[in-house]
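The structure appears right after this line, and notes come after that.
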Amino acid sequence: MIHDKSIAAYEAAKEVIPGGVDSPVRAFKSVGGVPPFIERGEGAYLIDIDGNRYIDYVQSWGPLIFGHCDAQIEAAVLESAKKGLSFGAPTTVETELASEIVELFDAIDKVRFVSSGTEAVMSAIRLARGFTGRDNIVKFEGCYHGHSDSLLVQAGSGAVTFGTPSSPGVPADLTKHTLLAKYNDLASVEKCFADAGGETIACIIIEPIAGNMGLVPAEERFLEGLRALCDQHGTLLIFDEVMSGFRASLKGAQGITSVTPDLVTLGKVIGGGMPVGAFGGREEIMNRLSPDGPVYQAGTLSGNPVAMSAGLASLRKLKNQPSLYRELEQKATRLVEGFKAGAEHFGIPLQVDVRGSMFGFFFNDKEVKNFDDALASDTERFAAFHRGMLESGVYLACSQFETGFICSVMDDAMISETIDKAFQVFKEIA
Ligand SMILES: *Cc1c(COP(=O)(O)O)cnc(C)c1O
């Protein structure tokens, strides 16, 4: 594969954009090499500016469940765009998209749209704090909830559960209200409640199917334990389903678990590739939001009609294909089982998992249940695998700690082709 144009584009980008990218993971830092610059998408494929074609298992990090350039979504966007790009005034398409979401998610009576997942989570946390009158929040190591200040937190030193900032520029005064617990470990959450006092904790926020430390689903008993703790202490439970919403199932994780959260955040698929986020929940909580209530939240481009139209076309299409998630899950399962068989053939330990259209694989000889387990994976081997796959025309997420995505236009032949290519790459890196 020739990458000359991407190499030149990357150099030019680095002159005027920090690191040459507008979101850091795109820079391929953890796998090395130069990121392909994309010319266009075509169904399940990405085509870069050197003309290389890749089967795309990133799908813009999740939003494109129907692949690139879906005809119905494209038509909805073009039709809406012709009427004007933004009004800063209410439109009926916002109500239509909200109604679809309310109908599908038992936990959501009302929903508000924003422009990104980060904004959705930031707003949901503010609402939880405003509703409960409490400052502290609990989050889990390895879960990502966007880049707002309170959530850019890493474990503090020693046994302390209070977080410290994971980025310069985030005041410790803010992150001291963020308590860190271990995923799938109820005792660590109980310790947070004991350390800080349950009556100080506004919410627990969790990815019920974690996708940002690789794919690590929460155990049912663990989620039940969180629900019980929240009920006991008047704490709100927030499911961050920005990734898993409309990806794990039509109802996201809530189609899989019996645990109901108080608030839910959404993004990615609900914008069909346009910038959208949303947060919703029980009516009594959502009514505390301005203009009905005192908790302030706003956005010039929130509920943008073009983005809403893309989301609405996506959700309607999803609802009309009841067997879709089963088919996507079958394809995802075939893919990772093919990876696993290939890896094991060459003595490479690989852990794999699937939830709906989401798949994950760790170069790890032990099952991965939390962030520490994930960190024990062989990231060098992942990097070598990633490079080999890219050169053979398979575009995988460029970090061991990301999730892969199947889209509806991926057929069995593409899955078989990917498995065959993986076999060759495992052979090279064994
Ligand atoms: C992607 C993601 C976010 C952040 O969404 P952005 O649109 O990138 O701001 C938040 N939470 C989860 C679980 C995500 O996967």
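Just so it is clear, none of the values below were taken in a lab; they were calculated from the coordinates. All values derive from a computational prediction rather than experimental measurement. When we count neighbours, we look across all protein chains shown, and the Cβ atoms used for this are built from the backbone with ideal geometry, even at glycine.
Here are the numbers:
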| item | result |
| --- | --- |
| Average Cα contact separation per residue, region 72-319, under 8 Å, 6 or more apart, as relative contact order % | 30 |
| Inter-probe distance in nm under a simple model that places probes 7 Å from Cα toward Cβ, at D22 and D412 | 4.0 |
| DSSP beta bridges in region 72-319 [antiparallel fraction, %, rounded to 5] | 45 |
| Gained length - K14 relative to V102, 0.36 nm times residue gap less alpha-carbon distance | 27.4 nm |
| Stretch gain in nm, segment E337-E428, where the contour uses 0.36 nm per residue and the Cα spacing is subtracted | 30.8 nm |
| Cβ-based exposure ranking for I65, I47, in which fewest neighbours within 10 Å come first | I47, I65 |
| Inter-label distance, nm, simple model (7 Å from Cα along the C-beta direction), Q232/I7 | 6.0 |
| In region 72-319, lysine pairs with alpha-carbon atoms under 21 angstrom apart (chain gap of 8 or more, or interchain) | 14 |
| At 1.567 mPa s and 4 °C, Stokes diffusion of region 85-202 via Kirkwood alpha-carbon radius, µm² per second | 81 |
| Qualifying trypsin sites (Lys or Arg not before Pro) for region 334-422 [loop in DSSP, other Cβ within 10 Å: at most 13] | K366 |
| Surrounding net charge for S399, when Lys and Arg each add one and Asp and Glu each subtract one, Cβ distance under 15 Å | +1 |
| Whole-number D in µm² s⁻¹ for region 305-363, Kirkwood Cα-pair radius fed into Stokes-Einstein, 37 °C, 0.692 mPa s | 246 |
| Within the chain, helix-based [θ] at 222 nm, where runs of 4 or more DSSP H residues each add -39,500 (n - 2.57), nearest 500 | -11500 deg cm²/dmol |
| For R247, residues with placed amide H under 5 Å, excluding near neighbours | G252 |
| Furthest towards positive pole of dipole, S167, N52, L396, structure part the chain, Cβ charges | S167 |
| Derived scalar couplings ³J(HN,Hα) [region 162-171; Karplus, 6.51 cos²θ - 1.76 cosθ + 1.60; whole Hz; x for Gly, Pro] | 6, x, 10, x, 9, 9, x, x, 9, x |
| DSSP-defined antiparallel bridges as percent of all bridges, the chain, nearest 5 | 60 |
| Volume per residue of the C-alpha convex hull in region 1-134, rounded to whole Å³ | 198 |
| Principal axis dimensions, largest first and in whole angstrom, of the chain by Cα | 57, 57, 47 |
| Relative contact order of region 1-108, pairs being alpha-carbon contacts under 8 Å that are 6 or more residues apart, as % | 17 |
| Computed over the chain: relative contact order in percent, which uses C-alpha pairs under 8 Å that are six or more apart | 21 |
| Debye-sum result for region 72-319 in log10 I(q)/I(0), which assumes one identical scatterer on each alpha carbon, at q = 0.08, 0.09, 0.10, 0.13 Å⁻¹ | -0.29, -0.37, -0.46, -0.76 |
| Per-q log10 I(q)/I(0), region 310-430, q = 0.12, 0.22 Å⁻¹ (Debye; single scatterer per alpha-carbon; no solvent) | -0.46, -1.28 |
| Residues with amide H under 5 Å from that of A210, placed H, sequence gap 5 or more | V216, A218 |
| Share of alpha-carbon pairs per 10 Å distance bin for region 199-296, given as whole % | 16, 44, 32, 8 |
